[in-house]
1. When you go through (1) surrounded by fewer than 24 Cβ atoms within 10 Å (Cβ to Cβ); (2) under 18 Å from the mean Cα position of the chain (by Cα); (3) among the small types (Gly, Ala, Ser); (4) not in a loop (DSSP other than H, G, I, E, B) one by one for A:ALA276, which number turns out not to apply?
2. Take the stretch B:14-23 and flag every residue that is over 18 Å from B:LYS85 (Cβ atoms) and surrounded by 16 or more Cβ atoms within 10 Å (Cβ to Cβ).
3. For A:ASP216, all conditions in the list (1) over 19 Å from the mean Cα position of the chain (by Cα); (2) crowded, with 24+ Cβ neighbours inside 10 Å; (3) not in a helix (DSSP H, G or I) hold save one; what is the number of the exception?
4. Any residue in the stretch A:354-365 that is in contact (Cβ under 8 Å) with a residue 24 or more places away in the chain sitting within a Cβ distance under 7 Å of a residue that is assigned to a helix (DSSP H, G or I) and small (Gly, Ala, Ser)? List the pairs, counting only those 6 or more apart or interchain.
5. Working carefully through the options B:VAL51, B:VAL22, B:VAL2, find the one that is more than 14 Å from chain A (Cβ to nearest Cβ), part of a strand (DSSP E or B) and touching a residue at least 60 places away in the same chain (Cβ under 8 Å).
6. Go through (1) within 24 Å of the chain's Cα centre (by Cα); (2) within 14 Å of another protein chain (Cβ to nearest Cβ) one by one and return the number of the condition A:THR293 breaks.
7. Conditions: (1) within 20 Å of the chain's Cα centre (by Cα); (2) under 24 Å from A:GLY247 (Cβ atoms); (3) in a helix (DSSP H, G or I); (4) not hydroxyl-bearing (Ser, Thr, Tyr). A:ILE161 meets all but one. Number of the miss?
8. Would you check if A:THR424 is surrounded by 16 or more Cβ atoms within 10 Å (Cβ to Cβ), in contact with a Cys (Cβ under 9 Å, 6 or more places away or on another chain), hydroxyl-bearing (Ser, Thr, Tyr) and closer than 17 Å to A:THR65 by Cα?
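Nothing in this text is a laboratory measurement; each read-out follows from the coordinates by a stated rule. Only a predicted model underlies this, so the values are computations on that prediction, with no experimental measurement involved. With ideal geometry, Cβ positions are generated from the backbone for all residues, glycine too; neighbour counts draw on all protein chains shown.
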Amino acid sequence: MSFIANTPQQQKQMLDQIDLTMDGLFADIPKELLAKDFNLPAGRSEFEVRSRLAELAAKNYTGLTCFLGGGFYDHFIPAAVYSIISRSEFYTAYTPYQPEVSQGSLQAIFEYQSAICRLTQMQAANASLYDGGTALYEAMMMALRITGRNKILIDDSVNPIYRVMIHSYTKNLSIDLEETKNSEGVVNRKDLLNRLDNSTAAVIVQNPNFFGCVDDFTDIAQAAHSRGALLIVSCYPVSLGILKTPGAMGADIAVGEGQSLGLMMSFGGPYLGFMATKKEYVRKMPGRIVGRTKDGQDRVGFVLTLQAREQHIRRDKATSNICSNEALCALTAIVYLSLLGKEGLKKTAQLCADKASYAWQRLTSIKGVKPRFKTKWFFNEFVLDLPANAAETAGKLIEKGFAAGFPLSRYYGDMENSLLVAVTEKRTRQQIGMLAEALEAVL
Amino acid sequence: MVPQNLLFTKDHEWAQIDGDVVTVGITDYAQQSLGEITFVELPAVKKEVKVHDCLAVVESSKAASDIYSPLAGSVLEVNGELAAKPELINQDCYKAGWICKIKLAGLDTKHLMNAAQYEQYLKSV
């Protein structure tokens, strides 16, 4: 069956109408990009396809005890979260295109935005972006718009996946993107301050950073502001239950990956990018923003506000090409946060930190296993230097039932033996002990 | 009726030249087309602009429109009152609703229309 639903006769009719041949119609596409022959196998029945997919799925390792982090974390998700968001009025709704009739959707997004503001201690949040990486890219573009400058400083302790994304997004833009190199797992102040100048639009840092190390960027915020630059902080929302917030550090834009707020770890998402900023920059913020207002009869209602910035109105001058949001994922986050409450989030964060601290002690007491960095200021994740190749060791541990961590050599050339280990509230003392034993056995 | 002492652009900005300083705003036609104005993004003082460079952004409930500089120069002063009262442009676009003053780099005004020409132009749009 042909993918194109029209018949050859209909195609001929259409081409005659516009006085073109098929080749003429596609003349603008370079020859080497034109598909020649797809050479697809014959179709299979539903039953055959299902069997084949089941066979492939069985090759996955499932049920591993998870110490894998690197931006996505295995937190407990109360069953109520998915019961609530699975209600069809939420589940089937896309970002509202006829917004004001969707008061329920708008209110949910408004509550989500309010929660993100409280969590980051910033003044205004948008209705969400695709994921942590795109949120960071959008924050960078926003800083370029605000300052009218061209240079960005990004530290290499920022999630390397985000940095790869930013590099590919900006490859053909004339942006001066400079990477600073961490020192002992944290931002090297001396190097950063040396490179910070009056052409710098923004400094981009992360807390806790990719190595799990915790930092306070208040000094960097002050230095950036004194040069007329902005500070962008990417953060891990659960950690904000106990850590100093981007707002308290003086950040101008806070972004992050919202997966840890009730979203399952799934290959490829969908995930959730959050973004919050200071009130003075709200018109430069990309994406949709829901506002609360009163109607002509003084009743409270919700609207999509500041839409004039968006592409359906402002066209090429729009703040970004984002006119959508991750409504269901944002709803998941607000439901999760509401169920946990302020104290619950604090407790979750504290449990993560305490268990990680225990795991650090347990694992670094193994002969030959050393902490990579001197700092003991980490949240729920830390880097171990193993006496063997980290990727190979992690592979052996999969056979023993553990996703032991993220081998850093993939993104950091000088870290062949380094393993990034994450511990959430779900990990038990027993599981940590079993990981330690298994690690000891394979080394 | 448009004020007789002003010059005009095809984008509906007005310019009032006083020595080497020009005061810029948008015309009654522009403010009516935009509707209720809710925000004005003003240029930075000292910003250098060429003819037709984006000078400001006027946002209404319907649209956010660029305001272009009628003449070249550097921004001398902005109408700070618009920050709290953007509706001044709706209420009094030729006086209290002025947007900014520019110190002129040159006095060539050939590309601008006088009041009579602008009125004629309005009939064609």
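1. (1)
2. Filtering the stretch B:14-23 down to residues over 18 Å from B:LYS85 (Cβ atoms) leaves B:14-22.
Within the stretch B:14-23, B:TRP14, B:ALA15, B:GLN16, B:ILE17, B:VAL22 meet the criteria.
3. (2)
4. A:ARG362/A:GLY433; A:ARG362/A:ALA436; A:LEU363/A:ALA436
5. Of B:VAL51, B:VAL22, B:VAL2, the one residue that is more than 14 Å from chain A (Cβ to nearest Cβ), part of a strand (DSSP E or B) and touching a residue at least 60 places away in the same chain (Cβ under 8 Å) is B:VAL22.
6. So the condition that A:THR293 fails would be (1).
7. With respect to (1) within 20 Å of the chain's Cα centre (by Cα); (2) under 24 Å from A:GLY247 (Cβ atoms); (3) in a helix (DSSP H, G or I); (4) not hydroxyl-bearing (Ser, Thr, Tyr), A:ILE161 is out only on (2).
8. Details: surrounded by 16 or more Cβ atoms within 10 Å (Cβ to Cβ): yes; in contact with a Cys (Cβ under 9 Å, 6 or more places away or on another chain): yes; hydroxyl-bearing (Ser, Thr, Tyr): yes; closer than 17 Å to A:THR65 by Cα: yes.
For A:THR424, the condition - surrounded by 16 or more Cβ atoms within 10 Å (Cβ to Cβ), in contact with a Cys (Cβ under 9 Å, 6 or more places away or on another chain), hydroxyl-bearing (Ser, Thr, Tyr) and closer than 17 Å to A:THR65 by Cα - is met.
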